[in-house]
1. If B:E119 meets every condition in (1) in the same structural domain as B:E79 (by TED's automatic domain parsing); (2) surrounded by fewer than 21 Cβ atoms within 10 Å (Cβ to Cβ); (3) more than 16 Å from DNA strand C (Cβ to nearest atom) apart from one, which number is that one?
2. Of all residues in region A:204-223, which are among the charged types (D, E, K, R) and more than 11 Å from DNA strand D (Cβ to nearest atom)?
3. Scan region B:76-90 for residues that are in a strand (DSSP E or B) and touching a strand residue (DSSP E or B) at 6+ places or on another chain (Cβ under 9 Å) and jot them down.
4. Does region B:167-186 contain at least one residue that is within 14 Å of chain A (Cβ to nearest Cβ), assigned to a helix (DSSP H, G or I) and either more than 30 Å from A:E88 (Cβ to Cβ) or among the polar types (S, T, N, Q) (or both)?
5. Whether any residue in region B:153-166 is under 25 Å from B:E119 (Cβ atoms), away from DNA strand C (no atom under 11 Å from the Cβ) and not in a helix (DSSP H, G or I) is what I want to check.
6. Can you work out which of the residues in region B:101-140 that are free of Cβ contacts under 8 Å to residues at least 40 places away in the same chain and hydrophobic (A, V, I, L, M, F, W, C) is nearest to A:I146 (Cα to Cα)?
7. Considering region A:187-219 alone, what residues qualify as being among the small types (G, A, S) and either within 6 Å of DNA strand C (Cβ to nearest atom) or within 14 Å of chain B (Cβ to nearest Cβ) (or both)?
2 protein chains.
Amino acid sequence: MPGHDMIIIKYHSEAGVRFVREQEKPDIRRLPLFRDMATANFETLMQVAYSQNFPPQLDLLRQGEPADFLHIVVEGMVELRAEWGGRETTMAVVGPISTFVLAACIKDTAYLMSARTLEKSRIVMVPAVDLRAAFRRDPDFAMAVIVDLAGSYRSMVRHAKNLKLRNSRERLAAFVLRQSALNGQAPGFVLPVEKRLLASYLGMTPENLSRTMRQLESEGLKVDGQRLIITDRAALTALAQPDPLIDGPDTELTAEELGLPRANAVG
Amino acid sequence: MPGHDMIIIKYHSEAGVRFVREQEKPDIRRLPLFRDMATANFETLMQVAYSQNFPPQLDLLRQGEPADFLHIVVEGMVELRAEWGGRETTMAVVGPISTFVLAACIKDTAYLMSARTLEKSRIVMVPAVDLRAAFRRDPDFAMAVIVDLAGSYRSMVRHAKNLKLRNSRERLAAFVLRQSALNGQAPGFVLPVEKRLLASYLGMTPENLSRTMRQLESEGLKVDGQRLIITDRAALTALAQPDPLIDGPDTELTAEELGLPRANAVG
DNA sequence: GAGATTATTTGATGCAGATCAACCATAAGC
DNA sequence: GCTTATGGTTGATCTGCATCAAATAATCTC
């Protein structure tokens, strides 16, 4: 496996490559993807996996590279970014505990997106070869992979629908309502990511996001730095016209959508 | 299965519900999705499946409805459309032989897109319940489902990247080059779909598509109705900056991307 | 904590692309 | 064949959003 050595050479000194710790296994095991897997297979995967700490702003992988590892965010936050011709855009931000680049690993082909840490993060990396061997051997794991991929696909369909059908004001309003819903309809929450990143995810410029937020202050939203407060839910709802076929959730209350991480509720 | 009866009642008189014909089975069997399946399982699926002819412009299913059937286009052409708040957009057009709404069937939840025939079409419908039972029973089929879903996911990621990273002129130029590539770099081809549909797929209005095509006439493209001819590939390439991570193909020459069907070469 | 970065906001301006409206072309119906 | 839809083009105009520029605010560094 050339991939294995590469990663070791590349990061060993700065980040400290480790095998997966006993204490972090239960959290990974609890993921829908690994939950139903045979214990022996899970242990095998963990044995060949690496676990590393990365500093913020570090490129974990670049689009176009061959997919060597399934990545699991155990701690921290990772941005999935797409680049083309000097432009770039945020496709998703994943927080603990979830996986990314599963599809590329399965197809044994190039990553379509780059990934970089947004904050200090702990990432578990499972070699793609072993991953593929695992679900060829374990039907329950194969089932979990199927369900995971179907969910990822649908969440990307939603992202595309959102972009094609709504304008940026509507997208922002829908985003705000969605974050609130993820916090049990809390009226206030703090943004889970920087505004420039949110802007990119929503397909707009930071300037436009800033102005659009100001606009929404007359439509039921109060903005205070990273803290947003819904002051008139009805008005915002009229504007966003939330739709489960765009905003989710897929099924009631499963909420581990791929997209942006959940915000934290606030007074 | 309420779904079964419903479809029979709904379409019987006009379209003629049939069981899958012997003669169309081999074509379906050849699909990557069904190719490696155990023969007994394939036969079972075909036994419970329906096969119907539909007239053009007929709604096969509506977004939001529970996913009762995996659909297979055996003949004709089907548009996958997304709707929201009175607006609508084309997400993909599928031709023979391929499947759609696999992910919704697997998650046993609502369709995210509506589907309607663009021309007279023959559709095979496999009950979602039986489909799920099939890959729970057949590991080879499960593998094929995994690969299919991974491909669908990646093709939707590409669609989103295309929308977020390129402007409409670039998207059109890239589309033209891609169609040419699918025809062995043929300089000319006829559009596989109406222009209004292409416009919607590319995320622009018909008026804008028309004008953009005219613009491209000074950048190496000749437009003659449905027939497009590349007169200066270098110029178009400079404009589109084709990228396999957006335009495909995923792997060399597999070319059954979800997106728009292949054009026919001309000239 | 002073200085240096980096994120955010605000303003001025430009442009890509939408919208509205009319006209032309192609195809379908009788 | 003429007529009627429907799709496509063209023109005029409008506007949402990007871009460029500069000021503030927040965050990091030493």
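1. Failing condition for B:E119: (3).
2. Once the filter is applied, which keeps residues that are among the charged types (D, E, K, R) and more than 11 Å from DNA strand D (Cβ to nearest atom), region A:204-223 yields A:R214, A:E217, A:E219, A:K222.
3. Residues satisfying the conditions are B:V78, B:E79, B:L80, B:R81, B:A82, B:E83, B:E88, B:T89, B:T90.
4. yes
5. Looking through region B:153-166, none of the residues is under 25 Å from B:E119 (Cβ atoms), away from DNA strand C (no atom under 11 Å from the Cβ) and not in a helix (DSSP H, G or I).
6. We begin by selecting, within region B:101-140, every residue free of Cβ contacts under 8 Å to residues at least 40 places away in the same chain; these are B:104-105, B:132-133, B:135-136, B:139.
From the residues that got through so far, the ones that are hydrophobic (A, V, I, L, M, F, W, C) too are B:104-105, B:133, B:135.
Numbers: B:A104: 12, B:C105: 11, B:A133: 13, B:F135: 10 Å.
The residue in question is B:F135.
7. The first filter runs over region A:187-219 and keeps only residues among the small types (G, A, S), leaving A:188, A:199-200, A:203, A:210, A:218.
Passing the criteria: A:A199, A:S200, A:G203, A:S210.
Rundown of residues vs (1) among the aromatic types (F, W, Y); (2) more than 16 Å from DNA strand D (Cβ to nearest atom); (3) out of contact with any Ser or Thr (no Cβ under 6 Å at 6 or more places or on another chain), yes/no style:
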residue: B:S121; (1), (2), (3): no, yes, yes
residue: B:V124; (1), (2), (3): no, yes, no
residue: B:R137; (1), (2), (3): no, yes, yes
residue: B:R158; (1), (2), (3): no, yes, yes
residue: B:L163; (1), (2), (3): no, no, yes
residue: B:N183; (1), (2), (3): no, yes, yes
residue: B:L202; (1), (2), (3): no, no, yes
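The values are calculated or read from the model by the stated rules, or taken from the named source; none is laboratory data. Keep in mind it's a predicted model, so treat the numbers as computed, not measured. As a convention, Cβ positions derive from the backbone with ideal geometry for all residues, glycine included, and neighbour counts pool all protein chains shown.
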